[in-house]
Structures are given as C-alpha cells and as structure tokens.
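J.: Sharing a structure here in structure tokens format.
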Amino acid sequence: MGVKPSLEQARELDKNDTLSSFRQEFIIPRKLPQPCIYFTGNSLGLQPKQTKAYLETELEAWADYGVEGHFEGPNPWFHFHKLFPQKITPLLGAKEDEVVIMNTLTANLHFLLVSFYRPQGRRYKILTEAGNFPSDYYALETQVKFHGYEFEDAVVEISPREGEDHLRTEDILNSIEDLGETLALVMMSGVNYYTGQRFDMESITKAAHEQGAIAGFDLAHAIGNVPMELHEWGVDFAAWCSYKYLNSGPGGPGGLFVHEKHASDSQLPRFGGWWGHNESERFKMKKGFIPMKGAPGWQLSNAQVLGMAALLASLDVFEKAGFGNLIEKSEKMVSFLLELLHEVNKEVSNNSFKILTPENFEDRGCQFSLVIERGGKLVFEELSKNGVVADWREPDVIRVAPVPLYNTFEDLYSFSDLLKKALQDV
Ligand SMILES: *Cc1c(COP(=O)(O)O)cnc(C)c1O
C-alpha cells in the first residue's frame, strides 16, 4: 500500500465489512471497562448470545417430556446427531454421510486409529510433524505400543530444515516417498497449533496413497478457520474439537470424518457401540453388531445433547454468515495485520519479533505466532494488562488469532499499537 496503515483505515475497513454485525451475536468478555481484544478463538471460541436459548430448548424438552424427549419435542434426541452433518459439511468439504458429531477429539483419534492404523509386516510407520500437540503424541505413542512397537521406531517426525520455521511441502512428500512400503499412516495436523502453518492436505494425501498408506488429519486448528475439501482430496479420516474456532464452549463435542470409500466396508475393525449399530434395529436389543453405513457407523453412544445444542447455536451463526465470506474476511484481516506488524517492527528499534506463521494465506489460517526477541513474557503481560487476551507459549511465543466472526479491524490496529508500546517499554 505504501502508506502507513492507520486507525482511520481500520475503521473504514470495519465500515465496509459486510460481516461486521456478527460481532453482535457474541458475548465479548470485559477485563477493563471496555470489551477486551479477544484473540484466543483458537483456544476457546466466544459464546454466541443464542447459546443459552438453544440449551434452554433442550432443558425444557427434558422438563416437559422426560424420557419421551427422545421422540418428542422440538429436536427429538434419538435423531439429534442428524441435525449436524448438513451444517458442518460446508466447513469440511465432506458429504453428509462422511461426518458425525460425537465424543471428544483425542477419544475420536483413538477410535479412528483402531480402524485405520493396522500395521502389518514391514508396514508399521506413522509419519507426523515434529512439534505436534501433546495429546496427539500420546495417542500415537500409546497406539503403536498397543500394537507392540516403540514410539522412537514407529513414529517418524519431520522437522523444518535447519534455520527454517516451516515444513516445506516437498520435504513432506519426499519423506513419504522415502518411507515407501514401511509407511502405514500419515497423521498430521491440518493447521499446526504452534506455528499456525497450514499443510497441503491434498498433496500429502495423494503422496500417502501412492505408497499404499492411509492419510488422516487432526483438524483442531483447521475447522472453522481454513477451507477444506476432504472428500475431493480423498482424505481417509479426520477428527476435530469444536470449542476452538467452532465456539461450542468448554469441553464441547468433537467430531469425525470417514471418507465415503470406507463407508460400506463393514470388515474394517472398529470399537462398536449401540449408536453405531443399524438404526432400524437399535432398540431391538439384539446381539451381533451391524455398523451403519458411513461415519455414523463409528458412533458409540447416544448424543451428548446439551453440549451438542451449544454447538448447534454456533453452527447456525456460521451458516448465516457463510463460510466462504468468513474466509474472505479472514484473508483481509491477515493481510492488514501483517502490514501493521511489519510497520511495528520498522518503528521499534530496540526490540523486535519474528512472525513464525507463514505469510502466504494458502499456508495458514488466521493465527499469528510471534517470537519475541527480548522480554517476551513481559510484553505478553503488558498486552494482557491492556485488555488483549492472547496466548503465551514458553519460551518466547505469543499467539494471537483474530477471528473473522467477532474480531474487528480496529482490534487489529489497537493490538499493533499496544504491541508497539509494550516492545518499546521492556
Ligand atoms: C486442542 C487440541 C487437542 C485437544 O484434545 P481434546 O481431546 O479435545 O482435549 C488435541 N489435539 C490438537 C492438535 C489440539 O489443537
């Protein structure tokens, strides 16, 4: 742009933002008298104002109908999980039969690994990114142990090149090729929680399949944040949580995706439960598990209605806003914040920071991970005191995630201004 990004410009961008009214649909926490600059939607999304009403609907159905609420009331609970596929598939690029809302993320990863990590002979390795999330490591570690392997041998971690912060797609693809017929599974994040890097799920899936391996992704930081085409790409399976970008509230329900090509394979090993059993005879209390076709066949238990009602409230906001529109706004916010941050780095001479997240929008979502050169913790505390809710990661990283549903361009400007002052002062 050539001109310094300004507060006026931020306000102009907000004025022209067709999604600006969606901020009103959320409760923005207040730390100071004014609402805070909430940049941790990547950790716990904000509460939609309608969530309470959605919960009350189910509480009232429970009060009015008791057990009969399974078949009576506005959203009979027997069918409750069926409200979701239509609303969540636009975020995933999936078919309705390929998704189901259930359990929590790590639990779903385990259930999917039971089906999709089936080491045989020389083919037992799992490729993942170095610096994956601890829970994912623990899942992989205990799964390979369960099959009689050691983590160090069975799990291959790929790191960025010396002196680089991100993984290059070519290096991931080469590692897959090198592992060849020893590779059972590629299990990576869609978006890495720490660096904010988005991986090329399509190429990775294709490369895994070329080696006869399975490709699965953890979408905790991808869902609701970046566009995906899981079906098109041929991704075998995926799992996610919904309390981050999907705003379902603490401990909200997870979900999973299983590609259609596996839908009718009733031979796939799995850990079954009655809700995954053929619906037409679910209440006949017969022995002999017959899985439902598609992702619903991975269900175990009846729907967690209260948590899922909160998720429904948020998905209805997504539907109203339009996911494509949100991604467009996200790209604009990212580019404006990049401009602002480059300006801050130019203006502050005695301290600086590096942006760990790739700049190219194809390689990222809305999150920014900033590595602070000096006094990172103090900078973080100073921001915090001034009403910025961000996230601190030892030893020197501040993560901020401006979310297009409820953050404003003015938030971005105010943040950059506060960051500049904090950097100068430490
Ligand atoms: C947030 C997150 C989790 C959390 O797992 P839960 O089972 O929902 O507690 C796991 N993996 C990744 C990559 C995450 O970002």
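The values are calculated or read from the model by the stated rules, or taken from the named source; none is laboratory data. Note that the structure is predicted; figures quoted are calculated from it, not measured. All Cβ positions, glycine included, derive from the backbone under ideal geometry; neighbour counts span all protein chains shown.
J.: Out of the residues in region 177-194 that are buried (at least 24 other Cβ atoms within 10 Å of the Cβ) and among the β-branched types (V, I, T), which is farthest from E359 (Cα to Cα)?
T.: Once the filter is applied, the top-ranked residue is V186.
J.: Can you tell me how many residues within region 186-208 are in a strand (DSSP E or B) and among the charged types (D, E, K, R)?
T.: Residues meeting the conditions: 1.
J.: So, in region 234-271, how many residues would count as being without any contact (Cβ under 8 Å) to a residue 40 or more places away in the chain and farther than 14 Å from D97 by Cβ?
T.: Qualifying residue count, region 234-271: 4.
J.: Same structure again: Of all residues in region 1-59, count the ones that are over 24 Å from the mean Cα position of the chain (by Cα) and within 21 Å of G307 (Cα to Cα).
T.: 5
J.: State all residues of region 108-125 that are among the aliphatic types (A, V, I, L, M) and out of contact with any helix residue (DSSP H, G or I) (no Cβ under 6 Å at 6 or more places or on another chain); if no residue qualifies, say none.
T.: Listed by number, the residues that qualify are L112, V114.
J.: Sticking with this one: Go through (1) in contact with a Lys or Arg (Cβ under 7 Å, 6 or more places away or on another chain); (2) surrounded by fewer than 20 Cβ atoms within 10 Å (Cβ to Cβ) one by one and return the number of the condition W298 breaks.
T.: The failed condition is (2).
J.: How many of the residues in region 209-226 are in a strand (DSSP E or B) and within 12 Å of the ligand (Cβ to nearest atom)?
T.: 2
J.: What residue, among those in region 34-64 that are aliphatic (A, V, I, L, M) and under 30 Å from R399 (Cα atoms), is surrounded by the fewest Cβ atoms within 10 Å (Cβ to Cβ)?
T.: Step by step, filter region 34-64, then rank; the result is L44.
J.: Please go through (1) loosely packed, with under 14 Cβ neighbours inside 10 Å; (2) not assigned by TED's automatic domain parsing to the domain that holds S384; (3) not aliphatic (A, V, I, L, M) for Q24 and return the number of the only condition it doesn't satisfy.
T.: Unmet for Q24, out of (1) loosely packed, with under 14 Cβ neighbours inside 10 Å; (2) not assigned by TED's automatic domain parsing to the domain that holds S384; (3) not aliphatic (A, V, I, L, M): (2).
J.: Tell me which residues, restricted to region 284-322, are within 16 Å of L405 (Cα to Cα) and part of a loop (DSSP other than H, G, I, E, B).
T.: Residue satisfying the conditions is G322 alone.
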